[in-house]
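Structure, as structure tokens:
The values are calculated or read from the model by the stated rules, or taken from the named source; none is laboratory data. For clarity, every value in this text was computed on a predicted model and none was experimentally measured. Cβ sites come from the backbone with ideal geometry, for glycine too, and all protein chains shown count toward neighbours. Just the protein is used for accessible areas: all its heavy atoms, side chains included, with ligands, DNA and RNA removed. Shrake-Rupley method; radii C 1.70, N 1.55, O 1.52, S 1.80 Å.
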Amino acid sequence: MEKINITKIMELLPHRYPFLLVDRVESIEDGKIHAIKNVTFNEPQFTGHFPDSPIMPGVLMVEALAQVAGIYCFNKLLSPEDVHKKFMFFAKIDNVKFKNPVIPGDVMDMFVTLDAFNGTLLKTRGEVRVKDSLACSAELGLFLVDKEAMKVEK
């Protein structure tokens, strides 16, 4: 079981503070990945969501699952040369369920399973768990796009 630290994660993903939502990969194997995010009160979303009762926004849990799927794709499915030539975007988000709140001090255990990959579309299923309790689950479709095609002209 391979582990991936934050330095390697930042080599694989373009995200940075405050939007990098994966701290470490605990294991990555054929077809599945387990990563964690340590949730702290110092994160910017908690100033407004909600000041007297901070709760991790559901959309950020779904985004974190997508980032974990991206780490899997960039680590296991693409050649090292292609990693820095691609961006990943949401194609679809289905069957999202929120079961329990995530609060500062929690560790989000994120589990993503690969369902299919055709070279441009990645289909996955993911769960966020805190202490073995399900917080969020979703099915995600993610597009791989060439970075060159995404450049904005100035």
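Observations on the model:
- Residue in the stretch 122-133 that is modelled with pLDDT under 95, of a type in the set (Asp, Glu) and part of a loop (DSSP other than H, G, I, E, B) present: yes
- Checked against the criterion of being among the hydrophobic types (A, V, I, L, M, F, W, C) and more than 25 Å from Thr7 (Cβ to Cβ), the candidates Ala135, Ala64, Ala69 yield just one match: Ala135.
- In the stretch 75-89, the residues that are touching a Lys or Arg at 6+ places or on another chain (Cβ under 8 Å) and of a type in the set (A, V, I, L, M): Leu78
- Only one entry in Lys37, Lys3, Lys8, Lys85 is closer than 20 Å to Glu139 by Cα and not polar (S, T, N, Q), namely Lys37.
- Among the candidates Phe46, Phe19, the residue that is in a loop (DSSP other than H, G, I, E, B) and either modelled with pLDDT of 95 or more or at negative phi (or both) is uniquely Phe19.
- Residue count for the stretch 31-76 under the criterion of being under 17 Å from Val102 (Cα atoms), of a type in the set (Gly, Ala, Ser) and buried (at least 23 other Cβ atoms within 10 Å of the Cβ): the result is 2.
One line per residue, one yes/no per condition, for (1) aromatic (Phe, Trp, Tyr); (2) under 28 Å from Asn118 (Cβ atoms):
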| position | (1), (2) |
| --- | --- |
| Asn38 | no, no |
| Phe41 | yes, no |
| Pro51 | no, no |
| Phe87 | yes, yes |
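Yes/no per residue for (1) part of a strand (DSSP E or B); (2) touching a residue at least 12 places away in the same chain (Cβ under 8 Å); (3) polar (S, T, N, Q):
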| residue | (1), (2), (3) |
| --- | --- |
| Ala66 | no, yes, no |
| Ala69 | no, yes, no |
| Phe87 | yes, yes, no |
| Asn95 | yes, yes, yes |
| Pro101 | no, yes, no |
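- Of all residues in the stretch 80-106, those satisfying the criterion of being within 27 Å of Thr40 (Cβ to Cβ), open to solvent by less than 60 Å² (accessible area, probe 1.4 Å) and under 17 Å from the mean Cα position of the chain (by Cα) are Met88, Val96, Val102, Asp106.
- Failed item, numbered, when Val112 is tested on (1) assigned to a strand (DSSP E or B); (2) aliphatic (A, V, I, L, M); (3) in contact with a Leu (Cβ under 7 Å, 6 or more places away or on another chain); (4) more than 16 Å from Gly31 (Cα to Cα): (4)
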